[in-house]
Amino acid sequence: MKIRAIVQARMQSERLPGKVLERIGAQTIVEHIATRLAKLESAGLEFLFAIADEEDPRLADYLRQQSFPFVIGDDQNVLKRFIAAAEGLADTDYVARVTADNPFIDQSQIALLLQRLRQHPVDYAYTADLPLGMGVEIVRVNALRSVALRDTQIDGAALPGLAAHHREHVTVFIRENPHLYDIYPFRLDETFSEDAAKRRVAGIRLTVDEKADLNVARRVFEHFNRLGNPFFGALEVIQLHKNNPEMFAENAAVVQKSAQSVDTRPLNKAIH
């Protein structure tokens, strides 16, 4: 069974353009992600970046310079981009969805989830109860392809079409239709109730959408890096927030976009 992490990335971020090449410490955001994913190679994970087809060449140029594998795909239909990036995988293989908003994915939790999936395969699994920006989703390739087929004409009779947010957010159709898929939330700590688990990560935002998010990410990384722990995980972040909530205050008012949101800006595709 192969597991391929696909990191969706673009330069034309709506709220913070070019953020994926912003630096946190000595590394760019995409370099932080690649470095953490590389630590999972021993767990059988390969990775590549699936970047948007856009006029700005800086991201593609940077990935080439760093020798990070990447493919260029549809600018707005991220689902289509993921299907292309999953080329060569068998239906029983898995794709891990990672976004370039999240520099500090918890590789320890991902490794445990991968181990669990090898023993107990499901259609879709995700890390639960982690601070926002530290988790991943993992979907079996045939489940991912089944979503894409709903926009494909088959033998003259198409399945019900997808909404625009399903194409942009890739796995939302699966989450919205649990009766069609075997779904497994991999919890950080089963001894906590779901409500208690949500409360202990409330106010922790380590995804980067706005400048305030970037400032917090830099502050948190600087703290752990100074302690010699640049690959910190969710539990350490939760403890840091408990001890120093002011470190996370700057982006507390940033609103996370819903899973039904859609980027309606005009396409800006590169000419190859």
For the stretch 227-235, indicate whether the set of residues that are in contact with an Asp or Glu (Cβ under 6 Å, 6 or more places away or on another chain) and surrounded by fewer than 17 Cβ atoms within 10 Å (Cβ to Cβ) is non-empty. no
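With the structure loaded, tell me whether ARG58 is basic (Lys, Arg), closer than 17 Å to SER13 by Cβ and crowded, with 16+ Cβ neighbours inside 10 Å or whether it fails that test.
Working: basic (Lys, Arg): yes; closer than 17 Å to SER13 by Cβ: yes; crowded, with 16+ Cβ neighbours inside 10 Å: no.
No: the conditions fail for ARG58.
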Looking at the stretch 30-38, is at least one residue outside any strand (DSSP E or B), over 15 Å from the mean Cα position of the chain (by Cα), of a type outside the set (Lys, Arg) and over 18 Å from VAL95 (Cβ atoms)? no
If a residue counts only when it is of a type in the set (A, V, I, L, M, F, W, C), which helices (runs of 4 or more DSSP H) contained entirely in the stretch 100-204 have at least 3 such residues? 107-119, 141-148, 172-176, 194-201
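Taking the options PHE232, PHE248, PHE221, name whichever one is in a helix (DSSP H, G or I) and in contact (Cβ under 8 Å) with a residue 60 or more places away in the chain. Don't jump to the end; show me each part of the working.
On the way: PHE232 fails: in a helix (DSSP H, G or I); PHE248 fails: in contact (Cβ under 8 Å) with a residue 60 or more places away in the chain.
When all the criteria are applied, what remains is PHE221.
Quick one: is LEU48 at pLDDT 95 or above, surrounded by fewer than 20 Cβ atoms within 10 Å (Cβ to Cβ) and hydrophobic (A, V, I, L, M, F, W, C)? Spell out the reasoning first.
On the way: at pLDDT 95 or above: yes; surrounded by fewer than 20 Cβ atoms within 10 Å (Cβ to Cβ): yes; hydrophobic (A, V, I, L, M, F, W, C): yes.
Judged against the criteria, LEU48 is a match.
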Of (1) touching a Pro at 6+ places or on another chain (Cβ under 9 Å); (2) of a type outside the set (Val, Ile, Thr); (3) buried (at least 17 other Cβ atoms within 10 Å of the Cβ), GLY203 satisfies all except one. Which? (3)
Residues within the stretch 11-24 that are touching a helix residue (DSSP H, G or I) at 6+ places or on another chain (Cβ under 7 Å) and under 16 Å from ASN102 (Cβ atoms), tallied: 7
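The values are calculated or read from the model by the stated rules, or taken from the named source; none is laboratory data. These numbers come from a predicted model, not from an experiment. Quick reminder, even Gly has a Cβ in these numbers, built from the backbone with ideal geometry, and neighbours come from all protein chains shown.
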